[in-house]
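Right, one structure below, let's go through it.
Rule-based calculations on the coordinates, nothing more; no lab input. Since the structure is predicted, the reported quantities are computational estimates derived from the model, not experimental observations. Here the Cβ positions follow ideal geometry from the backbone for every residue, glycine too, while neighbour counts run over all protein chains shown.
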Amino acid sequence: MNDKKLIDLIEKNKPAGFKNLVDKYQRLVINICYGFVHNRQDAEDIAQDVFIEVYRSIERFRRKSKLSTWLYRIAVNKSLNYIRDNKKNTWFQSLDILFNENTNAKVLEPEDSKNNMPDKITENKETSGYIYEAINALPENQQIAFTLKKYEDLSYKEIADVMKLSLSSVESLIFRAKKNLQKKLIEHYKNL
Amino acid sequence: MNCKEVENKLIFYIEDELSLEFRETISAHLKTCSSCNALYEKIKADIDFLHTDKIEQINPGFYQKLEQKIKKSEKEQIKNTVKQVYFQALAYAAAIILAVFIGVALGKEYQVNEEYVVDENENLSEFQLFAESYSTDMSSEDIYEVIITDNE
């Protein structure tokens, strides 16, 4: 079912239309979120939030942009908010430990991060998993552009639509993201 | 091309985004330089990993869980709306009661004190009193009547 028919169906019969929308786009949305958080469970939780927002605001979808572009945008925003909230929580946990010695709170140490890595990394002996750290360390706009390119293989035009930027800005962001990743990876492997 | 120059273009070589000339030069360098080749292998493994690092199998309970969350959030939304309306009404009522109390309290401050009531006639001069009493007793006379009687 194409997007136009899908939106028409949602207008006539919201529950049925919404189920079709979720069936069509769930993998795509989950993978976008996964590209940012690198954890399956977290990605599924964020994707659920994305679809809840879509359910609440589908009536406000103006049909000016593509439905997929709109979904990508919500998924990117939710993922970035999740990462920001997580950073805040970790910071507060650190404070908690600093001021309260008896607390049971535990900050994720660099050593722990290896234990929390997705199964795919532990299965794949060729990669160290440092690539995730390198991607997460990129400036936000570079991270978004690179992730949309690598995880969903979106065209530069689609990325420009999602990020509301010009085509040349997206090209520049991806070029700089690759340069920064290369630098970080080379430094990392040389210091091993 | 030296090692530094190769390192600067390694990721673009892996992504096949270089011209044929650069590609051939880097390929030739990697065949002879073991350290650059080792870096190339590691970074290529990372980039290749990203291409395969995707969730293919979706949790079969994904939609069911989503439906439950939507129902729960709708209930919460209704609850919140009711709460909001209730608290708004309460706030308005409290504001009105407060306004009435403030009005009453301020009104008490400005109550008329009998001690300070002044007899209006007390401060009038004798002449004014005389003039007032004279003018009130005098009946008004129509000017035309006066003119007519004079003519007669």
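General remarks:
- Filter pass, A:L165 being of a type outside the set (K, R), assigned to a loop (DSSP other than H, G, I, E, B), touching a residue at least 60 places away in the same chain (Cβ under 8 Å) and in contact with a helix residue (DSSP H, G or I) (Cβ under 8 Å, 6 or more places away or on another chain): no
- First in segment B:8-26 and at the interface with chain A (Cβ under 8 Å from one of its Cβ atoms), second anywhere and of a type in the set (A, V, I, L, M, F, W, C) and part of a loop (DSSP other than H, G, I, E, B), Cβ under 8 Å, 6 or more apart: B:F12/B:L18
- Selected residue (criterion: farthest from A:Y151 (Cα to Cα)) from residues of segment B:52-72 that are assigned to a loop (DSSP other than H, G, I, E, B) and of a type outside the set (A, V, I, L, M, F, W, C): B:G61
- Set side by side, the residues B:A91, B:A95, B:A45 differ, and just one is hydrophobic (A, V, I, L, M, F, W, C), in a helix (DSSP H, G or I) and within 14 Å of chain A (Cβ to nearest Cβ), which is B:A45.
- When A:S166 is tested against (1) at negative phi; (2) of a type outside the set (K, R); (3) within 12 Å of chain B (Cβ to nearest Cβ); (4) surrounded by fewer than 18 Cβ atoms within 10 Å (Cβ to Cβ), only condition (3) is not met.
- Within segment B:27-40, the residues that satisfy the criterion of being within 13 Å of another protein chain (Cβ to nearest Cβ) and either surrounded by 13 or more Cβ atoms within 10 Å (Cβ to Cβ) or among the hydrophobic types (A, V, I, L, M, F, W, C) (or both) are B:C36, B:N37, B:A38, B:L39, B:Y40.
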